[in-house]
Amino acid sequence: MDKIPVRHITPSKEPTPSEIISVRDIARLQAGKDMAQELHRHDFFYLLALKKGSGTHEIDFSPYPVKNNSIFFMRPGQVHRLLLKAGSTGHLVQFRHEFYAESVTASTKLLRKASSNNFYQLASNTFQKLHTILTYTLQEYNSQQENYQAAIKANLDILFIELSRKAGKDPTDSINLYMQERLESFLSLLENNLSNGRTPSHYAALLNLSTFQLNNTTKTLLGKTASELINDRVILEAKRYLLATSNQVTQIADHLGYEDVSYFVRFFKKYTGLSPEAFRKNFI
C-alpha cells in the first residue's frame, strides 16, 4: 500500500530542536527556476502569499488561479499540486499547529477561520499591508533575536485577523468555547483515526460524549450530522488516494477500513456518481 507523499517543514537553516516553523522568500526559494510539485500533502499549515505570481495550483482537486496579490492557505492533510512559474515573488510560511496555538483557545478558532478558505484574491492595497507584515516576519525568523517566536506569533495574529475578515462571518462566533473545543477534538480525531472507525458512536466514545451530544455539536456549528462529516471525510480521503497514488481500489478500501470492497465501491459511487476507477480515469 503506497502512502500519499507527506512533506515536513524544511527550514532555511539548521533548526533548533523546538523549531516548528519556516518562513521563506519565494524569489530565493525558486532561484530563477519554476517550482513544480506533484500531488502530496503536508503535516503542517502552509501559507503561500504571492505579490507576483503565475502558474497553476490545485488543492484537494479544486483548481485555483495563481495571480498577483493572492494567498493560498492549506491545512495539514490537504493534498495539492503546484506549478509556480519562475519570477514569482512573495513569502512561504509553514508552521505546525502547536507553534501558533498550543491549546484549544481563541487562537485555534482564529486559525481555523482563516484557513477555512484555501484561496484569497486581495486588492493590491490590502495585500501590500500583509506583505509588509510577512517581510517583517521573515526578518524576525532570519535574525532569531530574543523573543523572535513571540514576534512571529504576533504578526500571524494580525495576518489571520485580516484573512478572517475576508473569510466572512463564522457561524460559530456566538457558540460557547466548550462546544468549539468538542468540535475541534472531533475533527482532529477524524483526520487521524479515519481507518479505525466510521461511526458517530465510535468518535463519541473517544470524546466521552453521547452520540446525541456529538451530533448536536456538529449540527449546531457546521450544519451537518457527525455521520455526514464522516462520510465527507471518507470520500475526500478516497479521492486523495485514487489520484495521488497508484494503489488498487481494494487496497484503498482496506486502508479506509472497508473489508467488503464492493460495498466501498457502491458507497463511493453514491456520493460521487462515479466508480473509483472511473473517477481516477476521468480526473487524470
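The values are calculated or read from the model by the stated rules, or taken from the named source; none is laboratory data. Predicted model only: the values in this text are computed from it and were never measured. All Cβ positions, even for glycine, are placed from backbone atoms using ideal geometry, and neighbour counts span all protein chains on display.
Within the group Ser195, Ser164, Ser174, which residue is under 30 Å from Asn68 (Cβ atoms) and modelled with pLDDT under 95?
Values: Ser195 fails: under 30 Å from Asn68 (Cβ atoms); Ser174 fails: under 30 Å from Asn68 (Cβ atoms).
Just one listed residue meets the conditions, Ser164.
Scanning the stretch 38-81 for residues that are among the β-branched types (Val, Ile, Thr) and buried (at least 16 other Cβ atoms within 10 Å of the Cβ) returns Ile59, Val66, Ile71, Val79. Quick check: anything in the stretch 217-226 more than 19 Å from Gln78 (Cα to Cα), of a type in the set (Ser, Thr, Tyr), at pLDDT 95 or above and under 23 Å from the mean Cα position of the chain (by Cα)? Looking for residues that are more than 19 Å from Gln78 (Cα to Cα), of a type in the set (Ser, Thr, Tyr), at pLDDT 95 or above and under 23 Å from the mean Cα position of the chain (by Cα), one finds at least one in the stretch 217-226, hence yes.
For the stretch 198-216, give me each residue that is at pLDDT 90 or above and either assigned by TED's automatic domain parsing to the domain that holds Gly77 or part of a loop (DSSP other than H, G, I, E, B) (or both).
Step one: list which residues in the stretch 198-216 are at pLDDT 90 or above, which gives 199-216.
Selection gives Thr199, Leu207, Asn208, Leu209, Ser210.
Return a yes/no flag: does the stretch 242-253 have any residue that is assigned to a helix (DSSP H, G or I) and out of contact with any helix residue (DSSP H, G or I) (no Cβ under 8 Å at 6 or more places or on another chain). Steps first, please.
Residues of the stretch 242-253 assigned to a helix (DSSP H, G or I): 242-244, 249-253.
Filter once more, keeping what is out of contact with any helix residue (DSSP H, G or I) (no Cβ under 8 Å at 6 or more places or on another chain): 244, 251.
Yes; the residues of the stretch 242-253 include at least one that is assigned to a helix (DSSP H, G or I) and out of contact with any helix residue (DSSP H, G or I) (no Cβ under 8 Å at 6 or more places or on another chain).
Pairs meeting the criteria (first residue in the stretch 66-78 and closer than 13 Å to His97 by Cα, second residue part of a loop (DSSP other than H, G, I, E, B) and modelled with pLDDT of 95 or more, beta carbons under 9 Å, at least 6 apart or on different chains) are Met74/Asn118; Arg75/Asn118. Per this entry, Ala36 is not counted among residues that are of a type outside the set (Val, Ile, Thr), modelled with pLDDT of 90 or more, out of contact with any His (no Cβ under 7 Å at 6 or more places or on another chain) and part of a loop (DSSP other than H, G, I, E, B). Remark: Gln139 falls outside the filter, which requires a residue to be on the phi > 0 side of the Ramachandran plot, surrounded by fewer than 20 Cβ atoms within 10 Å (Cβ to Cβ), without any contact (Cβ under 8 Å) to a residue 24 or more places away in the chain and not hydroxyl-bearing (Ser, Thr, Tyr).
Going residue by residue through the stretch 82-93, is there one that turns out to be assigned to a strand (DSSP E or B) and surrounded by fewer than 18 Cβ atoms within 10 Å (Cβ to Cβ)? Step through it out loud before you land on a result.
Residues of the stretch 82-93 assigned to a strand (DSSP E or B): 82-84, 89-93.
Restricting the remaining residues to those that are surrounded by fewer than 18 Cβ atoms within 10 Å (Cβ to Cβ) gives 83, 89.
So far as the stretch 82-93 goes, yes, one or more of its residues are assigned to a strand (DSSP E or B) and surrounded by fewer than 18 Cβ atoms within 10 Å (Cβ to Cβ).
Taken over the stretch 110-127, the criterion of being surrounded by 13 or more Cβ atoms within 10 Å (Cβ to Cβ) and over 12 Å from the mean Cα position of the chain (by Cα) is satisfied by Leu110, Tyr120, Gln121, Leu122, Thr126, Phe127.
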